[in-house]
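What follows is a single structure, written as structure tokens, with notes after it.
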Amino acid sequence: MAKSTAENTFLRLKTVLDVLTEGVWSGDALNAGQVLAEATARVPFNEHEAELLSGGIPRGHKTLTSATAKLVKAGWLVKGRSGWTITDEGMRATVAFPDAVSFASALDAGTPIPADVQVPTAPEGFVRKTTAVPETAAAGTDTKKTTKKTPAKKAAAAVGKAAKVLEDAVEPVVKAVRKGKAPATTEEAAAPAAPEAFEDADVETHPQPEAVAVAGDFNTFLGAPENWAPQYDEAQMEFDFLDQIWKKSAELPAGFYTFKIAINRSWDENYGAFGAFDGPNHELHHAGGTVTIRYNHSTRDITIN
């Protein structure tokens, strides 16, 4: 049975760490494009993931690139201008969580790596092998020696071309992760991802808006010029591709606040309490500190914690 995009994405995240580990063993410095190309060649796109978005970027590659922020947050991957670097913890994670289910559960729940797991070393006689097309071929270099590309290699070539574009696009997300997000609650940390979630889960199965804003009487605390104005960047939420949830975390003083969810930077489509279209204001009684607002566009559910 074909794997869902959610499971494929976790498999590719695991493969990203595997590829970087092999690079450490072989002494090769790998850039983001090479790593992503190899990960998608080893775990090929399904039909849904292979669909090209604007700019000719495969849907699955966009999802993977955004999801790598989870590796950064976990402390398993460091992204720098000179390339991607796997940490010792990232190498240990490849051993501690060898399959998609355990890897996904650990990554989402922040499960610590057991103390007895050692940093893996290269097996005897190790030689790094790549599945993706060479970088020159992926970049479109015309060469008579280039062999006919398999579907997996065609996907890898598209990934190689798109890597730089998408890395630039998700860099603000990575920076936000490095600065620190709201810590997971005790209940969230204690609840591992359910293995059966892979059975029917998919990514981007419900059309999403271009932008979602939390517009209310606390937007000035977020840095916006005024309150109740969904057009400002400071009010925009971030979309989690794997969870299919829009999220916004902020530090707010103690108080009583009201807000609505506004779509595409205007009031033409908005949702209030209980997800009602153009409904009454959603209320927030806040004790002070970090608050996270979540919005599910497929159900219109609005949750706060």
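The values are calculated or read from the model by the stated rules, or taken from the named source; none is laboratory data. Since the structure is predicted, the reported quantities are computational estimates derived from the model, not experimental observations. Cβ: placed from backbone, ideal geometry, glycine included. Neighbour counts: every protein chain shown. Just the protein is used for accessible areas: all its heavy atoms, side chains included, with ligands, DNA and RNA removed. Shrake-Rupley method; radii C 1.70, N 1.55, O 1.52, S 1.80 Å.
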Hits in the range 225-244 (condition: within 19 Å of L284 (Cα to Cα) and either touching a residue at least 40 places away in the same chain (Cβ under 8 Å) or assigned to a loop (DSSP other than H, G, I, E, B) (or both)): E226, N227, W228, A229, P230, M237
Residue in the range 239-261 that is more than 20 Å from T220 (Cα to Cα) and of a type in the set (K, R) present: no
Flag if K161 is open to solvent by 70 Å² or more (accessible area, probe 1.4 Å), out of contact with any strand residue (DSSP E or B) (no Cβ under 6 Å at 6 or more places or on another chain) and at pLDDT below 65: yes
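Per-residue answers, yes or no, for (1) at pLDDT 80 or above; (2) farther than 15 Å from V19 by Cα; (3) not in a helix (DSSP H, G or I):
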{"site": "A115", "(1), (2), (3)": "yes, yes, yes"}
{"site": "T136", "(1), (2), (3)": "no, yes, no"}
{"site": "K145", "(1), (2), (3)": "no, yes, yes"}
{"site": "K148", "(1), (2), (3)": "no, yes, yes"}
Residue in the range 91-98 that is small (G, A, S), closer than 20 Å to G110 by Cβ, at pLDDT 90 or above and surrounded by 24 or more Cβ atoms within 10 Å (Cβ to Cβ) present: yes
Search result, residues across the range 286-305 that are assigned to a loop (DSSP other than H, G, I, E, B), over 18 Å from A250 (Cα atoms) and without any contact (Cβ under 8 Å) to a residue 60 or more places away in the chain: T299, R300
Among (1) at pLDDT 90 or above; (2) surrounded by 13 or more Cβ atoms within 10 Å (Cβ to Cβ); (3) not in a helix (DSSP H, G or I), the one test that R128 misses: (1)
All positions within the range 245-285 that are assigned to a strand (DSSP E or B) and either surrounded by fewer than 16 Cβ atoms within 10 Å (Cβ to Cβ) or among the polar types (S, T, N, Q) (or both): S249, E251, G255, F256, T258, N270, F277, E283, H285
Selected residue (only one of T9, T68, T15, T5 is of a type in the set (V, I, T), under 21 Å from A104 (Cα atoms), within 15 Å of the chain's Cα centre (by Cα) and open to solvent by 10 Å² or more (accessible area, probe 1.4 Å)): T15
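Against the definition (acidic (D, E) and farther than 17 Å from R128 by Cβ), how does E89 come out, yes or no?
Yes.
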